[in-house]
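Trainee: Structure in structure tokens, see below.
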Amino acid sequence: MESEKLQETAFQIILSSGDARTIVHEAFQEMRQGTFEAAQAKLDQANEALVEAHKAQTGLLQEYASGEKIDMEIIMVHAQDHLMTTMTLREVAIEMLALYQRER
């Protein structure tokens, strides 16, 4: 795989993950305000952005599985880290929403 294509995929993962992370933080704000339906909507929206990041990642994995040689670059390591931490943040936010709702 060409370096340019790998970098493009990495930036797509970073962009979509970054969008999701921003939306999760907006969900936290909704939770603090007690607007739980809005918080859930934000978490659903964040998931949509994560799905887009995951699609980019899956495309890369499919190419690798079909025998395409992929030289790992630091930007892809960063992209994967960004995706995984954002997925974890969303999972924590889901749990926090349940706790906030239980307290009300």
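The values are calculated or read from the model by the stated rules, or taken from the named source; none is laboratory data. Being a predicted model, the structure only gives us computed values, none of them experimental. Methodologically, a virtual Cβ is constructed for each residue, glycine included, from the backbone with ideal geometry; neighbour enumeration extends over all protein chains shown. Protein only, heavy atoms only, side chains kept; ligands, DNA and RNA dropped before computing areas. Shrake-Rupley method; radii C 1.70, N 1.55, O 1.52, S 1.80 Å.
Trainee: Here's a check for you: in the range 1-17, which residue that is touching a residue at least 60 places away in the same chain (Cβ under 8 Å) and more than 12 Å from the chain's Cα centre (by Cα) is most open to solvent (accessible area, probe 1.4 Å)?
Mentor: This residue is Phe11.
Trainee: Can you name the number of the only condition in (1) under 20 Å from Leu97 (Cα atoms); (2) in contact with an Asp or Glu (Cβ under 6 Å, 6 or more places away or on another chain) that Leu43 fails?
Mentor: The number of the failed condition is (2).
Trainee: Please go through the range 65-85 and pick out each residue that is more than 15 Å from Phe11 (Cβ to Cβ) and in a helix (DSSP H, G or I).
Mentor: Listed by number, the residues that qualify are Ala65, Met84, Thr85.
Trainee: Another question, if that's okay. Would you check which residues across the range 49-64 are open to solvent by 50 Å² or more (accessible area, probe 1.4 Å) and either in contact with a helix residue (DSSP H, G or I) (Cβ under 6 Å, 6 or more places away or on another chain) or outside any helix (DSSP H, G or I) (or both) and list them?
Mentor: Within the range 49-64, just Glu52 meets the criteria.
Trainee: For the range 65-94: of the residues being polar (S, T, N, Q) and surrounded by fewer than 19 Cβ atoms within 10 Å (Cβ to Cβ), which is farthest from Phe28 (Cα to Cα)? Give the derivation first.
Mentor: Taking the range 65-94 first, the residues polar (S, T, N, Q) are 66, 80, 85-86, 88.
In the following step, the residues that additionally are surrounded by fewer than 19 Cβ atoms within 10 Å (Cβ to Cβ) were identified as 66, 80, 85, 88.
Numbers: Ser66: 41, Gln80: 23, Thr85: 16, Thr88: 14 Å.
Residue satisfying both the conditions and the ranking: Ser66.
Trainee: Okay, next question. Out of Ala27, Ala38, Ala46, Ala20, report the one residue that is over 18 Å from Met84 (Cα atoms), under 16 Å from the mean Cα position of the chain (by Cα) and in a helix (DSSP H, G or I).
Mentor: Ala27 is the lone residue from the list that is over 18 Å from Met84 (Cα atoms), under 16 Å from the mean Cα position of the chain (by Cα) and in a helix (DSSP H, G or I).
Trainee: Given the condition charged (D, E, K, R), at pLDDT 95 or above and out of contact with any Gly (no Cβ under 7 Å at 6 or more places or on another chain), answer yes or no: does some residue in the range 63-82 qualify? Even if it seems obvious, please write down each step before you answer.
Mentor: Of the residues in the range 63-82, the ones charged (D, E, K, R) are 63, 68-69, 71, 73, 81.
Those still in the list that are at pLDDT 95 or above too: 81.
Remaining after also requiring out of contact with any Gly (no Cβ under 7 Å at 6 or more places or on another chain): 81.
Yes.
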